Amino acid sequence: MPSICFYFQVHQPYRIKKYSVFDIGQDHRYFDDDNLNEKGNRAVLEKVAQKCYIPTTKILLDLVHRHPEFKISFSFSGTVLEQLEKYSPEALSLFQILVKTGNVEILDETYYHSLSFFYSDEEFIKQVKMHREKIEDLFDYQPRVFRNTELAYNNELAVLVEKMGYSGIVAEGWEHYLNERSPNFLYRPKGTNRIKLLLKNYKLSDDVAFRFSNKGWKEYPLDASKFSQWINSINGSGDTINLFMDYETFGEHQWEDSGIFDFLKALPEEILKHPDNIFKTPSEVISSYDFVGELDIHNVLTWADTERDLSAWTGNSMQKSSLKKLYELEDDVTSSDDDLIKEDWRRLQTSDHFYYMCTKWFSDGDVHKYFSPYESPYEAFISFVNVLNDFRFRLDKIKSN
Amino acid sequence: MKVLMFGWEFPPHNSGGLGTACYGITKALSEKGVEINFVLPRNYGIEENFLNVIHTKLPKIKMREIDSLLVAYMNSMSYKKMFLSLEDKKNTENYCGDLLQEVHRYAQVAKEIAQDVEHDIIHSHDWMTFPSGIEAKNQSRKPLVSHVHSTEDDRSGGQGANPHVFEIEKSGIKEADKVLAVSNFTRNKIIDNYDIENGKIDVIYNAVNKVDFDDVCLSRRLNFGKNKIVLFLGRLTLHKGPDYFLKAAKKALDKNRNIIFIISGSGDMDSQIIEQAADLGIADKVLFTGFLRGEDLKKIYKMADLYVMPSISEPFGITSLEAMASGTPVLISKQSGVSEILNHCLRVDFWDIDEMANKILSVVDYNELRTCLADNGLSEIDKFTWNKAADEIIKVYNTLVISKKRINI
C-alpha cells in the first residue's frame with residue numbers, strides 16, 4: 001500500500017534592483033527594487049500572495065478539516081518568510097494556522113536558498129542553523145528532514161546532513177542514477193548509515209506542476225480522478241509516491257482559470273477512494289518504511305531542466321565568476337562585526353541571482369525568461385557584479401578601519 | 001521564375017546596408033533558381049569593371065546599368081553638393097541637377113527595360129527605385145514587390161522628412177502587390193505613416209554571411225596597450241546617433257580612461273562630430289577612420305571589444321550582425337529592427353546616455369560578460385542566413401505568379 005507524500009516549496013528571493021556602474025560607491029541599498037516596477041520584490045510577493053499563497057492555503061485548510069488523514073509538507077526559504085512578515089502577514093498567518101493543525105511537516109533548508117553547500121561547509125551549516133531558528137520562531141517547529149536548494153544533491157551532502165542530525169533528505173528521482181530501480185522507495189545514500197533518501201516522482205509531480213494547463217499534452221485536461229488512477233496503478237510496486245513541486249504551481253504557474261484549484265480541492269477525496277492509499281509526511285514515510293538499497297550519486301543532481309544538474313546556475317562564465325567572487329569574500333565578511341554586511345552578502349547568495357544569468361535559452365528558455373526581472377541574462381550579470389563591486393568597496397573600508 | 005529587380009547600390013560600391021542586403025538576397029535567390037535581372041543606376045567614378053566582378057560571383061544575375069548620378073542615402077541637398085563638385089571634372093550634360101528628377105529619369109529608362117527584358121515579377125528596393133518599379137509595372141502588368149529597407153521617417157531622424165520623398169515612398173507602397181519590410185519596427189512605421197492595410201506587408205529580416213567575417217587576420221594590429229576599443233560604425237548622420245555615442249563616451253571616460261572610442265564612417269555630420277569630441281574634452285580618446293570597406297571593415301569589427309549601434313531610428317541594422325559574426329559583442333539601440341530578433345546582445349534606449357555608458361563600462365570591465373556575449377552571439381547569428389531570407393521571399397513570389405512559374409523550397 002503506497003503512501004502519497006506531498007512537499008511544496010515556498011520561496012521568493014530578494015531581487016537586486018537595476019544597479020549601474022555609476023551607483024557603485026553611492027548606493028548600498030541593493031534590494032530596494034522600486035526600479036523593477038511590477039517585477040520588484042514587494043510587488044511580486046503581493047501578487048503571488050494574492051494569486052497563490054492565500055487562496056491555496058485556504059483550500060488546504062479546508063481539505064485538512066474535511067479529511068483529517070490528508071497530510072502535506074512545506075519548505076520555506078528564510079527570504080520568503082521575511083518578505084511574508086513584511087508584505088503579506090495574512091498569508092503568513094494562514095501558513096501558521098495550517099501548521100498548527102498537525103497535518104503539516106516543515107523541512108529545513110538554507111535560510112538564503114543558496115548553493116552554499118558547494119562552496120563552504122561552514123556557511124552552509126550557518127544558514128541551515130539560521131533557518132531552524134526562523135522556523136522555530138515563526139512556527140514553533142523543529143524539522144527532521146532536509147531539502148537543499150533546487151534539490152541539489154550528492155553523496156557528500158547526505159553525509160554532512162546525517163552528521164547534522166537529520167533523519168531524511170530529499171532529491172530528484174531521476175532514472176539516470178536509479179539503474180532500473182523505482183523512485184517510489186526509500187534509499188540509503190552511499191557513505192551514510194541511517195539517513196533515508198526520498199526521491200521525487202518527477203513524472204507525476206511534473207504532470208501537475210508543468211503540464212497541467214498544456215493544451216498540447218495528450219492527457220489534457222487532467223482531473224483529480226484521472227490523476228488518482230495513475231497513483232493507484234503504482235499500488236504494489238512502491239512504498240511512497242513523492243509529489244514534490246513549487247507551491248506557486250497553484251494559481252501562479254498554473255493560473256486559476258486552468259482549473260488547478262478545483263483539481264487540488266478534489267484530489268484528496270479521489271485518492272482516498274482507493275482503500276490502500278494513505279497520505280504521509282516525509283518523516284512518517286521514513287518511520288514507516290526501510291530503505292531498499294544504496295544509491296550512489298556522485299555528481300550533483302538537481303530538479304532543474306533536462307540536464308538535472310547545476311548548469312542553469314553555474315553553466316556559463318558570468319555565473320561561475322560571480323559565484324567565485326562572492327564566496328572569496330567569506331573570510332572578510334564573517335570576521336567583520338557588521339550585521340548589515342553579513343546580511344547583504346548572504347542575500348547575494350540566493351540561487352535566483354545566478355539563474356537569471358543563465359544563457360541556455362534555446363532548450364529551456366521560456367521558463368528562465370518568465371521568472372527573470374531583467375531584460376536579459378547579461379543585464380542580470382551587470383547589476384549583480386556592479387553590486388558586488390560596491391559591496392567589496394564597503395568591505396575594504398571596514399577592514400581598513 | 002524571372003525577376004526584374006531595381007536597386008540603387010551594390011557591393012563593393014555601396015555606402016550602407018542596402019547594397020549588402022541586395023547582394024545577399026540576389027545571391028541566395030539565384031542559388032535557388034530565381035533568374036534575376038538586376039538594374040542599377042550607374043555609379044560615378046568607377047575604377048574597376050564593376051559588372052564583371054559581379055558576373056563572376058553571381059553567374060545567374062545579369063547586371064544592367066543606367067547613366068545616372070544616383071548613390072544611396074542621398075537627400076536633395078547632398079545630391080546637389082555632389083553634382084556641383086563633379087561639374088569641374090566631368091561632362092555632366094547628361095545628368096539632371098535635381099535628385100527627384102533623376103529618380104524619375106531612372107523610372108523612364110526602367111520602362112524601356114521592362115519592355116525589353118522578360119520577367120514574371122518586379123522587385124524594387126527602397127524609394128529611389130519605386131518610380132521605376134511602378135513604371136515597369138505599368139508597362140508589363142506584372143506584379144510589383146516593393147521592398148522597404150528604410151523609410152523617410154528613419155532617414156530624417158524624425159526631423160523634417162522630405163514631402164516629395166514621402167510621396168514617392170507612399171505611392172511605391174500603395175502600388176505594390178506586396179510590400180516587404182526589414183522588421184516589424186519598419187512594418188509598423190509603414191502602417192502608421194502610409195495608411196496601408198496590415199496584410200499586404202510581410203517582414204523579411206536581413207542576415208549576415210558569417211564566413212565573410214571569420215577569416216580576418218589582424219596581422220598589423222595597432223598597439224592600443226591596455227586600452228579597450230569601443231566602435232561606432234555607420235554614416236555620420238542624425239539618425240545613426242553618433243552624438244549620443246560621444247556623450248556616452250564622455251561619461252564612460254570619466255570613470256575609466258583606458259578606452260579608445262573609434263568612429264568609422266562619414267556623412268553630413270563629419271565636422272560636427274569632430275568638433276563635439278573636442279568640446280567634450282575627449283578628442284585624444286576618439287579616433288576617426290573615415291569610411292571603411294573590405295578588409296579594413298572586417299578588421300575594425302574584429303579589433304573592437306564592443307560595437308555600439310546607438311541609432312535613433314534603425315529599420316534593421318545589419319552592422320550589428322556583422323559585428324557579431326566577427327566575434328564582437330554588441331550594444332544596440334532598442335529603436336532598431338534587429339533588436340526584435342537578437343537575444344545575445346545588450347540593449348539601450350538611444351537617449352539613455354547613462355545606461356549606454358553603464359553598459360559600455362560593464363563590457364570593458366568584465367571579461368566574462370564580453371566572452372559570453374561574443375560566444376553566444378557567434379552561435380546565435382547562425383539563425384540569420386540569406387538562404388532563409390530568400391526562402392521567405394520565394395514564398396511571397398509564389399503567391400504572386402501562376403503555378404507553373406513557382407519554385408519549390
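Using the structure shown, list the pairs from A:LYS100/A:LYS215; B:LYS200/B:LYS388; A:LYS100/A:LYS190; B:LYS240/B:LYS388 with a Cα-Cα distance above 32 Å, or answer none. Please list the in-between numbers first.
On the way: A:LYS100/A:LYS215 38 Å; B:LYS200/B:LYS388 20 Å; A:LYS100/A:LYS190 36 Å; B:LYS240/B:LYS388 27 Å.
Flagged as over cut-off: A:LYS100/A:LYS215; A:LYS100/A:LYS190.
Would you kindly state how much longer the chain becomes between A:GLU122 and A:GLU175 on full extension, computed as 0.36 nm times their sequence separation minus their alpha carbon distance, in nm to one decimal? Don't jump to the answer; show the numbers that get you there.
Details: separation 53, 0.36 × 53 = 19.08 nm, distance 3.20 nm.
Net length gain for the segment: 15.9 nm.
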* To do: Mind checking which lysines have their Cα closer than 22 Å to the Cα of B:LYS111? Skip sequence neighbours fewer than 8 apart in that chain.
  => B:LYS2, B:LYS62, B:LYS137, B:LYS142, B:LYS170, B:LYS174, B:LYS178
* **Dipole magnitude of the range A:311-400 about its Cα centre (Cβ charges: Lys, Arg +1; Asp, Glu -1), debye to nearest 20** => 240 debye
* Additional length obtainable on full extension of the chain from A:ARG29 to A:MET164, 0.36 nm per residue less Cα span -> 45.1 nm
* Asked: Of A:GLY173, A:GLY293, A:GLY216, which has the largest mean-square fluctuation in a 10 Å C-alpha GNM of chain A?
  -> A:GLY216
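Between B:GLU118 and A:ASN235, take the C-beta separation as r, use R0 = 51 Å, and let me know the FRET efficiency to the nearest 0.05.
Calculated transfer efficiency: 0.10.
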* **Qualifying GluC sites (Glu not before Pro) for the range B:113-204 [loop in DSSP, other Cβ within 10 Å: at most 12]** => B:GLU118, B:GLU197
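Report the equivalent ellipsoid semi-axes for the range A:279-340 in whole Å, largest first, defined as the square roots of five times the eigenvalues of the gyration tensor built from alpha carbon atoms.
On the way: eigenvalues 245, 91, 27 Å².
Over the Cα atoms of the range A:279-340, the semi-axes work out to 35, 21, 12 Å.
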* Dimensionless Rg/Rh of the range A:311-400 - Kirkwood Rh, Rg from C-alpha atoms -> 1.03
* **Degrees between helix A:78-87 axis and first principal axis of chain A (Cα, 0 to 90, nearest 10)** => 80 degrees
* Peptide-level mean, for A:378-385, of C-beta atoms on other protein chains within 10 Å -> 5
* For the protein assembly as shown, the fraction of alpha-carbon pairs in successive 10 Å shells from zero, as % -> 2, 12, 19, 19, 15, 14, 11, 6, 2, 0, 0
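Write out the chymotrypsin sites (Phe, Trp or Tyr not before Pro) in the range B:216-324 meeting two conditions: DSSP loop, and at most 16 other Cβ atoms within 10 Å of their Cβ. Before the final figure, lay out the partial values.
On the way: sites: B:PHE224, B:PHE232, B:TYR244, B:PHE245, B:PHE261, B:PHE288, B:PHE291, B:TYR301, B:TYR307, B:PHE316; in loops: B:PHE224, B:PHE291, B:PHE316.
Sites meeting the loop and neighbour criteria: B:PHE224, B:PHE291.
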* Modelled FRET efficiency - R0 41 Å, A:GLU343 with A:LYS218, Cβ distances, 0.05 increments -> 0.25
* To do: Mind checking which of A:VAL161, A:THR314, A:CYS358 is farthest towards the positive end of chain A's charge dipole, using Cβ charges of +1 (Lys, Arg) and -1 (Asp, Glu) about the Cα centre?
  => A:VAL161
* Structure fact -> Amide H contacts under 5 Å for A:LYS196, restricted to residues at least 5 apart in sequence or on another chain and with H modeled in the peptide plane, are A:GLY168, A:ILE169
* To do: Could you work out the local net charge near B:ASN398, counting Lys and Arg as +1, Asp and Glu as -1, over the other residues with Cβ closer than 10 Å to its Cβ?
  => +3
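To the nearest whole number, what is the average tally of beta carbon atoms from other chains within 10 Å of the beta carbons of peptide A:317-323? Don't skip to the end; give the middle numbers.
On the way: counts 8, 8, 2, 1, 6, 2, 0.
Mean shielding count: 4.
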* Structure fact -> For the range A:22-27, in residue order, the Karplus 3J(HN,Hα) values (coefficients 6.51, -1.76, 1.60; θ = phi - 60°; whole Hz; Gly and Pro = x) are 6, 7, 4, x, 10, 10
* With unit charges on the beta carbon (Lys/Arg positive, Asp/Glu negative), name the residue among B:MET269, B:TYR205, B:SER183 whose Cα is farthest towards the positive pole of the charge dipole of the range B:141-274. => B:MET269
* Give the cross-link partners of A:LYS126 among the lysines, using a straight C-alpha distance below 18 Å as the criterion and excluding same-chain residues fewer than 8 apart. => A:LYS134, A:LYS163, A:LYS342
* To do: Evaluate the Debye formula for chain A with equal point scatterers sitting on the alpha carbons, no solvent, and hand back log10 of I(q)/I(0) at q = 0.06, 0.08, 0.14 Å⁻¹, in q order, two decimals.
  => -0.23, -0.42, -1.33
* For the range B:210-383, the spread of Cα positions along each principal axis, largest first, Å -> 42, 35, 31
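Computed from the coordinates by the stated procedures, all read-outs in this text should not be read as laboratory data. These numbers were taken from a predicted model, which means no experiment stands behind them. Neighbour counts are summed over all protein chains in view; Cβ atoms, including those assigned to glycine, are modelled from backbone coordinates with ideal geometry.
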